[in-house]
Amino acid sequence: MGIGSVLGGMSGVLVVLLNDQVLPSTSVCSSCLMASHTGEPRLREGKLGCAQRLESSTELPQYQCQMGFRLANLESFRPCDY
């Protein structure tokens, strides 16, 4: 089961947030020794094994990986109603 199907017990698309870019997690995680054999962040019982959840002022769940990258779960984000 990949990161795209379960994250913390919920559906998720994990991305890496850089200053002015949003990248798929596999573009960074594939070169990390802590990643799975498919180049995705490791999950342990549905939770990220290589990152800590950050306090955030937004509803978008964000994480800090052990390599220092900031990750976000985009599928948990609810767009604003205009």
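Exactly one residue out of R53, R70, R42 is of a type in the set (K, R) and in contact with a Pro (Cβ under 9 Å, 6 or more places away or on another chain), and it is R53. Taking the criterion of being under 16 Å from V15 (Cα atoms), surrounded by fewer than 16 Cβ atoms within 10 Å (Cβ to Cβ) and at pLDDT 85 or above, the residues of region 50-61 that qualify are Q52, R53, L54. Here region 67-82 is the region considered, the condition is being surrounded by 12 or more Cβ atoms within 10 Å (Cβ to Cβ) and at pLDDT 75 or above, and the residue that is farthest from V15 (Cα to Cα) is M67.
From S31, S25, which residue is modelled with pLDDT of 85 or more and over 12 Å from the mean Cα position of the chain (by Cα)?
S31
The values are calculated or read from the model by the stated rules, or taken from the named source; none is laboratory data. This one's a predicted model, so the numbers in the text were calculated from it and none came from an experiment. No Cβ is skipped: glycine too gets one built from the backbone with ideal geometry, and neighbour counts run over all protein chains shown.
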